[in-house]
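Student: One structure, as structure tokens, below. Some questions next.
Bear in mind that the values in this text are calculations on the coordinates, not laboratory data. All of these numbers come straight from a predicted model, not from anything done at the bench. All Cβ positions, even for glycine, are placed from backbone atoms using ideal geometry, and neighbour counts span all protein chains on display.
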Amino acid sequence: DDCCARAISNLQRLPASTLIAYGKAKLISATDEELQILGLPWHQAKRRLPSLMSLPNPAVLYRYTAFECFGPFDKSFRIAGDHEMLIRILKHGEAHFMPDVIFSVMRVGGVSSNPENSLRALAECHMARKKNGYRLPGFYWLVASAKTLLRMALWRTLGEGRTRKLLDGLRSIVGLPKYWQSTSK
């Protein structure tokens, strides 16, 4: 299973106008249990991108000319700089999805997945939208904001441990693996 060979094969066929290519990323728990494979086909990710980070950042490749044309990452974004950069570039073109390539394995945790940073991440996603000419918050951003506010209210009411169990119980009802209990400190 050679992901590099598959990626190279995909990339060699792309026209020079394709500035972004991406594959999938595997999300694992602290105990190395697979939680989810991240990476939607471009026709689905494209609808969500102006609102939320819909491409798995560790699986995104930028053509060097993207930076020549659109400049560097905006360092004023502490969490959503990658999201802002992708909006800036992809409002002018299409990304190429490589469904057969898992570029990275990433463990849950980090700044952007920390529940305390959820509101800041959403605020930065909204700032990225505005910076790139989108006036109103998008549907996916509104849904994510409502979920975050509900999660925070449950956190305050039930406590962190009970909320994590409740959220994972709801995930199991819809057939998803535990996530919240695997991110606890």
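Student: Among L170, L166, L149, L176, which is outside any helix (DSSP H, G or I) and farther than 26 Å from L90 by Cα?
Tutor: L176
Student: Right, another one. Got a sec? Which of Y140, Y64 is aromatic (F, W, Y) and closer than 29 Å to R6 by Cα?
Tutor: Going through Y140, Y64 in turn, the sole match is Y64.
Student: Considering (1) in contact with a Lys or Arg (Cβ under 6 Å, 6 or more places away or on another chain); (2) under 22 Å from S118 (Cα atoms), say which one P56 fails and leave the rest.
Tutor: P56 satisfies every listed condition except (1).
Student: Give segment 147-172 a look and list any residue that's among the acidic types (D, E) and either under 21 Å from Q36 (Cβ atoms) or without any contact (Cβ under 8 Å) to a residue 24 or more places away in the chain (or both), or say none.
Tutor: Of everything in segment 147-172, just one residue is among the acidic types (D, E) and either under 21 Å from Q36 (Cβ atoms) or without any contact (Cβ under 8 Å) to a residue 24 or more places away in the chain (or both), namely D168.
Student: Can you find a residue in segment 60-77 that is buried (at least 20 other Cβ atoms within 10 Å of the Cβ) and within 19 Å of S118 (Cβ to Cβ)?
Tutor: No; the residues of segment 60-77 include none that is buried (at least 20 other Cβ atoms within 10 Å of the Cβ) and within 19 Å of S118 (Cβ to Cβ).
Student: Restricting attention to segment 27-61, and to residues there that are among the hydroxyl-bearing types (S, T, Y) and over 10 Å from the mean Cα position of the chain (by Cα), which single residue is farthest from R129 (Cα to Cα)?
Tutor: Among residues in segment 27-61 that are among the hydroxyl-bearing types (S, T, Y) and over 10 Å from the mean Cα position of the chain (by Cα), the one farthest from R129 (Cα to Cα) is T31.
Student: When M85 is evaluated against the numbered criteria (1) surrounded by fewer than 19 Cβ atoms within 10 Å (Cβ to Cβ); (2) out of contact with any Gly (no Cβ under 8 Å at 6 or more places or on another chain); (3) not small (G, A, S), which criterion, by number, is the only one it fails?
Tutor: The single condition M85 does not satisfy is (1).
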